[in-house]
Amino acid sequence: MTGIEAASLEITSMADIPAGTGLGSSGSFTTALLKAFHAHKKNLVHPAELANQACEIELNRLREPIGKQDQYIAAFGGITCFKFNADGSVEAWPLKISEETLFNLEDNLLLFFTGYSRSASTILKEQDDRSKKSDKEMIDNLHFVKELGRQSQIALEAGDLHEFARLMDVHWHRKKERSSQMSNHQINEWYDCAMENGALGGKLIGAGGGGFLMFYADDKARLRHALRSKGLTEVRFRFDFEGTKVLNQ
């Protein structure tokens with residue numbers, strides 16, 4: 001795939017965030033590893049090809065019951081819309097968001113670590129099996145969430161961040177219906193606490209079962225105080241618009 005002889009390299013991986021927390025660490029790792037291999041061989045690779053190769057490894061060779069979104073957003077970066085077609089092809093384009101909206105979105109999104117980690121494969125396999133059996137409830141849920149994605153794009157491009165936050169909340173409640181492992185009493189309690197203390201919308205990031213809660217809030221100080229008092233740790237972040245890149249070569 002990259003022309004690398006495995007015996008000739010020593011590979012070390014480092015990350016700021018632990019695995020199993022819903023932030024796409026496996027997809028990010030795979031795209032980064034492939035990018036490093038290509039750079040070592042002085043190969044130029046388009047983000048779409050990089051993401052496609054990462055998906056080939058994780059979905060086809062390792063048989064992980066996951067989607068393609070983690071690999072593609074890691075490769076492309078930015079606030080990007082992806083269309084995953086039935087034939088396996090993927091279309092990607094950046095959202096047309098004003099600088100003011102982008103600033104407010106980044107400033108008002110808050111991320112909190114629940115302290116729980118989990119295996120995404122375990123939760124996603126149940127959903128994958130039900131989808132392959134044409135489970136109507138699961139299929140309808142997935143189509144509904146896909147439409148929420150379109151509505152979220154419209155809200156962001158229109159600069160309507162309160163509508164975007166509302167859609168996050170709708171998405172989370174629909175997502176919880178997919179699996180009994182998606183949430184638990186403690187996560188639900190934290191979510192309700194956030195919604196009672198300034199959050200306009202939110203969701204558990206990733207496959208569910210643990211990891212990070214993300215919220216949109218205008219009253220950030222109130223939300224931070226409420227969730228910190230519950231023992232949650234906030235993780236600050238900034239948007240990245242470069243995608244997978246080599247820092248030193």
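The values are calculated or read from the model by the stated rules, or taken from the named source; none is laboratory data. Here the structure is a predicted model, which is why all the values come from computation and not from measurement. Cβ: placed from backbone, ideal geometry, glycine included. Neighbour counts: every protein chain shown.
Residue pairs whose Cβ atoms lie under 7 Å apart, separated by 6 or more positions or on different chains, with the first residue in region 99-111 and closer than 10 Å to residue 218 by Cα and in a strand (DSSP E or B) and the second of a type in the set (Phe, Trp, Tyr) and modelled with pLDDT of 95 or more, are 109/216.
Table: residues versus (1) in contact (Cβ under 8 Å) with a residue 60 or more places away in the chain; (2) assigned by TED's automatic domain parsing to the domain that holds residue 109; (3) among the polar types (S, T, N, Q); (4) not in a loop (DSSP other than H, G, I, E, B).
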site: 144; (1), (2), (3), (4): no, yes, no, yes
site: 157; (1), (2), (3), (4): yes, yes, no, yes
site: 171; (1), (2), (3), (4): no, yes, no, yes
site: 174; (1), (2), (3), (4): no, yes, no, yes
site: 203; (1), (2), (3), (4): no, yes, no, yes
site: 210; (1), (2), (3), (4): yes, yes, no, no
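Considering only residues that are in contact with a Gly (Cβ under 6 Å, 6 or more places away or on another chain) and either of a type in the set (Phe, Trp, Tyr) or in a helix (DSSP H, G or I) (or both), look in region 73-98 and name the one that is surrounded by the most Cβ atoms within 10 Å (Cβ to Cβ). The extreme case among them is 75. Exactly one residue out of 34, 23 is within 30 Å of residue 208 (Cβ to Cβ), within 20 Å of the chain's Cα centre (by Cα) and in a helix (DSSP H, G or I): that is 34. Would you point out the residue of region 39-82, among those that are among the small types (Gly, Ala, Ser) and over 12 Å from the mean Cα position of the chain (by Cα), that is farthest from residue 130 (Cα to Cα)? Selected residue: 39. Tallying residues that are farther than 13 Å from residue 241 by Cβ and of a type in the set (A, V, I, L, M) within region 81-104 yields 3.
Mind checking whether some residue in region 53-62 is in contact (Cβ under 8 Å) with a residue 24 or more places away in the chain, in a loop (DSSP other than H, G, I, E, B) and either in contact with a Cys (Cβ under 6 Å, 6 or more places away or on another chain) or farther than 24 Å from residue 212 by Cα (or both)? Within region 53-62 (the criterion being in contact (Cβ under 8 Å) with a residue 24 or more places away in the chain, in a loop (DSSP other than H, G, I, E, B) and either in contact with a Cys (Cβ under 6 Å, 6 or more places away or on another chain) or farther than 24 Å from residue 212 by Cα (or both)), the answer is no, since none of the residues qualifies.
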